[in-house]
Amino acid sequence: MTLMAHAELPKDMVTKAYGRWAPVYDVVFGAVFDRGRQAAIEAAERIGGRILEVGVGTGISLPDYKRTNRLCGVDISEPMLRKAQERVTEFGLSNVEGLWVMDAEHLCFPDASFDVVVAQYVVTTVPNPEATLDEFARVLKPGGEIILVSRVGADAGLRRVLEHGFAPAARKLGWRTEFSFGRYLRWAGRTDGMVLTERRAMPPFGHFSLIRFTKAAEGVASNVECTPIQAAG
Ligand SMILES: C[S@@+](CC[C@H](N)C(=O)[O-])C[C@H]1O[C@@H](n2cnc3c(N)ncnc32)[C@H](O)[C@@H]1O
């Protein structure tokens with residue numbers, strides 16, 4: 001199997017995978033990713049305001065934001081979003097503006113809608129990560145930040161070999177194991193006004209990173225506008 005084939009991650013495979021994960025996601029991935037989520041929230045709250053969480057999943061982060069922030073959540077998996085809706089109700093999160101079934105690659109929000117776009121453990125699960133980052137940049141206000149927590153693949157050595165070997169199985173579970181930091185650098189390099197402002201290793205094993213991009217100047221793309229579909233409650 002070629003490296004290119006490893007990189008493919010069809011959307012229907014991901015949607016099915018997270019439909020299966022939804023009932024047990026918090027038990028399996030709650031604690032293990034908590035440090036990364038808290039670091040992302042802390043970074044997002046340094047800017048604050050209107051925050052979009054892409055791939056919000058079961059809404060596990062939502063209660064941890066200060067109520068002074070206005071939160072919007074989108075995810076491609078309706079079963080995951082139903083869990084998020086239950087959480088919003090359980091915690092009385094009146095600062096959550098809405099949860100929408102939406103594809104990260106085609107966000108149905110106008111340009112410059114958000115002060116911060118957060119995506120925790122998401123970019124390596126989407127079919128086209130660069131197009132997805134373009135969308136994040138489009139909906140971000142100038143001066144705002146994209147804040148990611150994401151797996152970064154090894155550039156060499158045994159870990160790289162294992163990551164590529166495990167890639168086909170990982171895709172069935174809904175994510176990529178191999179994803180070089182160079183892809184983020186190349187994306188920032190070719191995207192007007194987006195500057196990489198931080199990369200910080202995150203647990204487990206430092207295989208994940210907190211990655212921040214700042215939008216320094218005027219917008220990057222066209223005026224895409226459509227009506228979001230509210231997740232059934
Ligand atoms: C590993 S989970 C992360 C969930 C949550 N952010 C967390 O911190 O645990 C990845 C999430 O991204 C969502 N996702 C995957 N591809 C997506 C896409 N193209 N558009 C929107 N959400 C997507 C999945 O449905 C899933 O809920």
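Computed from the coordinates by the stated procedures, all read-outs in this text should not be read as laboratory data. All of these numbers come straight from a predicted model, not from anything done at the bench. Quick reminder, even Gly has a Cβ in these numbers, built from the backbone with ideal geometry, and neighbours come from all protein chains shown.
Determine the dipole magnitude for segment 43-111: charges of +1 sit on the beta-carbon of Lys and Arg, -1 on that of Asp and Glu, nothing else is charged, the reference point is the Cα centre, and the result goes in debye to the nearest 20.
Once rounded to the nearest 20, the dipole reads 340 debye.
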>> Using +1 at the C-beta of Lys and Arg and -1 at the C-beta of Asp and Glu, which of 169, 124, 99 has the Cα lying farthest in the positive direction of the dipole of the chain?
In response: 169
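Exceeding 24 Å between C-alpha atoms, which entries from my cross-link table qualify? They are 66/172; 16/83; 11/141.
Values: 66/172 35 Å; 16/83 16 Å; 11/141 28 Å.
Exceeds cut-off: 66/172; 11/141.
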> Taking square-rooted eigenvalues a ≥ b ≥ c of the alpha carbon gyration tensor, is segment 1-92 rounded, prolate or oblate, where a/c under 1.5 means rounded and, failing that, a/b exceeding b/c means prolate?
Replying inline: prolate
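For residue 50 and residue 94, compute 0.36 nm times the residue count separating them, minus their Cα-Cα distance, and round to one decimal in nm.
14.5 nm
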